[in-house]
Amino acid sequence: VSDRDELQNELESLRARLTEAEETLRAIHEGEVDALVVRGPDGSRIYTLKGADEPYRVLVERMQEGAVTLSDDGLVLYGNRGFAEMIGMPLEQLIGAPFARCIVEREQAALATAVRAARSGSVRREFTLRRADGAPFPALLALGPLPADGGEAVVSVVVTDLTEQKRTEGVVAAERFLRSILDQAAEPIVVCDTAGNITHASRAALALGAGDVIGRPFTEAVLLEVPDGSDPRRRGRRVLASRLAHALRGKGVSGVECCWTGPQGELRHYLLSAAPLHDRWDAVVGCIVMLTEISDRKRAEERQKVLLAELSHRVKNTLATVRSIATQTSRNAPSLDAFAPMFNGRLGALAVAHGLLTQTGWGDVELGELIGRILAPYEDGGGGRIEIGGPPARLPARQVVPMTLMLHELATNAAKYGALSTATGRLAVAWTVGVTGLARNVSLLWRESGGPRVRPPDRKGFGTALIERSMAYELDGEARFDYRPEGLCCELIFPLSLPGESLLQEAEASAEQLRSDLESRTAL
Amino acid sequence: MAPAAPPTYVLRLYITGTTARSMRAVENVKWLCEEHLAGDYDLEVVDVYQQPEVAAREQLFAAPTLVKKLPLPLRRLVGDMSNHERVLAGLDLAATPA
């Protein structure tokens, strides 16, 4: 019985194992399994059946990183879509090609070293990859050994594109760079975003701003005025806003004149320039506004305006003098032939006066120098014919032209008819300055001798008339003629106007004003 | 059934990662255990990709495989366990009507 029971049990067990084996075969046959386990000399191995690795494949295909496997000699055995996109080349062309083709030349040796090292352990290193179009980009490569059948070494590579990360680093570096430029800039420089709000400002710009300027609209934070218009400040803001808008539309603006008034009322002039800021896709991301201070230039311009007005005034005066000389000369010249030398001589005297005035910057002219210049052409070379002497006397600018013209008349007269018309004639010009209080009076004596005998003229000549009139109306003085037989003697007496005369007049005027003010107040 | 007593059924389900069949097997086994074993079981799910050495130890031929270690006799069931009757029969639970 026991043998029979034993046999029965064994049969049961075999039947169960048979059922199990049949079940397994059925499941495999009907496609209910994903993998088979096969025992080999190195232990068991799992063979994945078709479709079972799909999720991994999808995972690898969908990940943004590039995934590559490399053969022993560095050929791409497998590459995912991410890698193909990164390199910009279809997978069909990548697989089977050397991986080194995707690395810039100078790093290929380093890649070979990394691939060798990756057979026995993982390696992480940054490389510069190269797209199919030649554009390089930074990437992190994580290389490691991959178990493979047949014992041949396969290296897996996970490629992470670092372009974005590097760009972020670049942005941070650029920001730091910009900051240092703005900190160093002497001129006010402001960076605005697309809404016209200030994002960055140089120290000089911060100093112009009313309070905290960062984050505020430029036109409100920095109160600049554009000259002219009914309400300059309001108008200024509108003009600036439209200029900024112009720059934000991608067009540059330059040379807008504006001014800024400080808390102490100090006025500064600036030239405003604005240029759009582009990102690397050429989109406008803001604008940069630069202010160049032109206050000095403005002041120079104003000084120039004053000088021009002054010059124009002098030219007008000179032309009036020339016209008057021309009229007088033509009235007194006996003929056209006689007119030319007379007129030229007088213009020459006028030129001498202008020359002296230009030398002193239209200031005072030393009387002795003026006389010397006028008489220089009449000196006969040996000297001693003309004697000039007197104390220093500075002739104010407005007296220079009439005095020159008078001396010229006296000299030409002497050369034509008087002492300077003969070799033996002599001329002495001497003056004294008498001081009475603030007033100083010049007495100048023109004495000819040794020339032809002199007798009083029948009628008053042009020269005499000019001298008398000039003395009376322009120098506020007097001319006396004495026709002595041995030579003409002419005395010119006139006051030197004081250098501070105009100041004195001003002081007197304001004193007068003050007095009348006081009077009107006490009357009230 | 004393709560402190060790579970009657000790089951091991061997799967291959997150494939559809493996997921289905996990769901089916979990459901069957809850329905028919009333909490009196210990189920462990093992990914043979992660622990290939276990596959050898358990003498597996394929995955997914459900192994009933206790009560004896040891039974192995291969497939995604979607045929519940067959699974119950394999676990010697066929006598209990579902």
message: Whether any residue in region A:393-411 is in a helix (DSSP H, G or I) and farther than 30 Å from A:GLY361 by Cβ is what I want to check.
response: no
task: Identify all residues within region A:250-276 that are assigned to a loop (DSSP other than H, G, I, E, B) and over 15 Å from A:VAL239 (Cα atoms); write none if there are none.
output: A:GLY250, A:LYS251, A:GLY262, A:PRO263, A:GLN264, A:GLY265, A:GLU266
message: Cβ contacts < 8 Å: first residue under 16 Å from A:ALA419 (Cβ atoms), restricted to region A:356-382; second residue part of a loop (DSSP other than H, G, I, E, B) and not β-branched (Val, Ile, Thr), any location; separation 6+ or different chain. Result?
response: A:TYR378/A:ARG385; A:GLU379/A:ARG385; A:ASP380/A:ALA423
query: Which residues, counting only those in region A:316-351, are touching a Ser or Thr at 6+ places or on another chain (Cβ under 8 Å) and among the basic types (Lys, Arg)?
result: A:ARG346
- request: List every residue pair whose Cβ atoms lie under 8 Å apart, where the two residues are 6 or more positions apart in sequence or sit on different chains, the first residue falls within region A:416-430 and is part of a helix (DSSP H, G or I), and the second residue, located anywhere, is of a type in the set (Ser, Thr, Tyr).
  value: A:ALA419/A:SER449; A:LEU420/A:TYR378
message: Just the residues that are outside any helix (DSSP H, G or I) and either within 20 Å of the chain's Cα centre (by Cα) or at pLDDT below 80 (or both), please, taken from region A:215-247.
response: A:VAL222, A:LEU223, A:LEU224, A:GLU225, A:VAL226, A:PRO227, A:ASP228, A:GLY229, A:SER230, A:ASP231
query: Do we find that A:GLY121 is outside any helix (DSSP H, G or I) and either modelled with pLDDT of 90 or more or surrounded by fewer than 18 Cβ atoms within 10 Å (Cβ to Cβ) (or both) in this structure?
result: yes
message: I'm trying to understand the selection: among the residues of region A:444-462, which are in contact (Cβ under 8 Å) with a residue 40 or more places away in the chain and surrounded by fewer than 16 Cβ atoms within 10 Å (Cβ to Cβ)?
response: A:GLY461
message: Just to verify a result, which residue in region A:55-73, among those that are surrounded by fewer than 15 Cβ atoms within 10 Å (Cβ to Cβ) and assigned to a helix (DSSP H, G or I), is nearest to the other protein chains (Cβ to nearest Cβ)?
response: A:TYR56
field: Out of A:ALA35, A:ALA52, sole residue that is touching an Asp or Glu at 6+ places or on another chain (Cβ under 8 Å) and modelled with pLDDT under 85
entry: A:ALA52
- prompt: Taking region A:324-347 as the region of interest, how many residues are assigned to a helix (DSSP H, G or I) and more than 19 Å from A:THR464 (Cα to Cα)?
  reply: 3
message: Looking at A:LEU307 and the list (1) among the hydrophobic types (A, V, I, L, M, F, W, C); (2) in a helix (DSSP H, G or I); (3) touching a helix residue (DSSP H, G or I) at 6+ places or on another chain (Cβ under 9 Å), which single condition is not satisfied?
response: (3)
message: Quick check on region A:13-26. Is at least one of its residues surrounded by 16 or more Cβ atoms within 10 Å (Cβ to Cβ), aliphatic (A, V, I, L, M) and at pLDDT below 85?
response: no
task: Residues being part of a loop (DSSP other than H, G, I, E, B) and without any contact (Cβ under 8 Å) to a residue 12 or more places away in the chain: count how many of those fall in region A:74-101.
output: 1
- request: May I ask you to list the residues in region A:199-214 that are touching a residue at least 24 places away in the same chain (Cβ under 8 Å) and over 19 Å from the mean Cα position of the chain (by Cα)?
  value: A:THR199
query: Is it true that some residue in region B:47-55 is in contact (Cβ under 8 Å) with a residue 60 or more places away in the chain and among the hydroxyl-bearing types (Ser, Thr, Tyr)?
result: no
task: Report those strands (runs of 3 or more DSSP E) wholly inside region B:5-96 carrying at least 1 residues which are within 9 Å of another protein chain (Cβ to nearest Cβ) and at pLDDT 80 or above.
output: B:9-15, B:65-70, B:75-78
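The values are calculated or read from the model by the stated rules, or taken from the named source; none is laboratory data. Owing to the predicted nature of the structure, the values given are computational and were not obtained by experimental measurement. With ideal geometry, Cβ positions are generated from the backbone for all residues, glycine too; neighbour counts draw on all protein chains shown.
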